[in-house]
Amino acid sequence: MGTDNFHHRSRLAKKAKPRVAATLEISPYILIVCEGGKTEPNYFNELIFHYKLPSVNVVIDGDCGSDPVSVVRHGLDLYNKQKRFNNRAYDKVFFVFDRDQYHLQTQGHNYQSAISSIKDKKQPKDVFIAINSIPCFEFWLLLHHTEKAKPYNDIVGSYSAGDAVKEDLKSYWPTYEKGSPGIFQMALAIDGDDMSTAIKRSNNVLVASQTCDDPNPSTQMHSLIQFLLGMRKPR
């Protein structure tokens, strides 16, 4: 009887499939540094909540002022502190800032300096990414309504190129105000849950601007949105 049981167990062992070690899918740990204290942080926080992204893996920071150079310096400082004092460094750092008036000589070419600072950071590879908008973040919101490709320029006085974008946006979205809560949900209601129309338009405008070597207008927002959408867990 004992011998029979031994052979029976041996046959079962041969038939049994080998166990496959479980793999743990780890979401990327990212930092989004915004030039705006309210508008952009509100937008991204609402996006994270809507798509149920792992909020512990996405850090939003808008405590750096509106100067593009300050945005980059603040983001690099946060990256270095995280790397120095914690067990895990950020996998990606996205710098969200506008050009608007910061391309003017009176502003010390701060916008271009910020872009150059990010490009110069070649190590670690593919970690630091500029999400720049020309003239401003509101151009991304405008693309939810229409595929605008006309250049936006400053007008003598206090009326900036960004103000012109906001004026166009208000023709579609009369109640829009910077810093207001609910901006993400309003944009989502226009485009749909995957934001495919705005993403496609943004990419089209960016490609066109690169073809004619004039970045006005354009935005890199679609690449960040696509990255965040890729963090969604499969349903």
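As a test of the definition: which semi-axes, in Å, follow for segment 100-226 when you take the square root of five times each eigenvalue of its alpha carbon gyration tensor? Largest first, please. Can you show the working numbers first?
Values: eigenvalues 111, 80, 39 Å².
Semi-axes (√(5λ), whole Å): 24, 20, 14.
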| field | Solvent-accessible area per residue for segment 111-154 (1.4 angstrom probe, square angstrom) | value | 46 Å²
| If you count, for each residue, the other Cβ atoms within 10 Å and average over each peptide, how do 82-91, 33-42 line up from highest to lowest? | 33-42, 82-91
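Using a cut-off of 10 Å between beta-carbons, work out the net charge of the residues near residue 33 (Lys and Arg +1, Asp and Glu -1, residue 33 not included).
Details: positive: 73; negative: 35, 40, 61, 63, 77.
For residues surrounding residue 33, the net value is -4.
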| Taking the Cα centre of segment 53-199 as the origin, how large is its charge dipole in debye, to the nearest 20, when only Lys and Arg (+1) and Asp and Glu (-1) carry charge on their Cβ atoms? | 740 debye
| message | Can you find, among 79, 179, 164, the residue sitting farthest towards the positive end of the charge dipole of segment 79-185, where Lys and Arg contribute +1 and Asp and Glu -1 at Cβ? | response | 79
| request: Take the alpha-carbon centre of segment 108-160, take the same for segment 59-92, and report the distance between them in whole Å. | output: 19 Å
| So what is the relative contact order for segment 44-161, in percent, with contacts set as C-alpha pairs under 8 Å and at least six apart? | 22 percent
| request: Please label the shape of segment 154-235 as rounded, prolate or oblate, based on the square roots a ≥ b ≥ c of the eigenvalues of the alpha-carbon gyration tensor (a/c under 1.5 means rounded; beyond that, a/b larger than b/c means prolate, else oblate). | output: oblate
| message | Given an 8 Å cut-off on Cα distances and at least 6 residues of separation, report the relative contact order of segment 78-235 as a percent. | response | 24 percent
| request: If a/c stays under 1.5 just call it rounded; otherwise compare a/b with b/c (prolate if a/b is bigger, oblate if not). Do that for segment 111-180, with a ≥ b ≥ c from the square roots of the Cα gyration tensor eigenvalues. | output: prolate
| Taking all protein chains as present, what is the carbon and sulfur share of the accessible area of segment 72-227, in % to the nearest whole number, probe 1.4 Å? | 49 percent
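The values are calculated or read from the model by the stated rules, or taken from the named source; none is laboratory data. Fair warning: this is a prediction, and the values are worked out from it, not measured in the lab. Counting neighbours? That spans all protein chains shown, and the Cβs are built from the backbone with ideal geometry, glycine included. Surface accessibility is based on the protein's heavy atoms, side chains included, excluding ligands, DNA and RNA. Shrake-Rupley method; radii C 1.70, N 1.55, O 1.52, S 1.80 Å.
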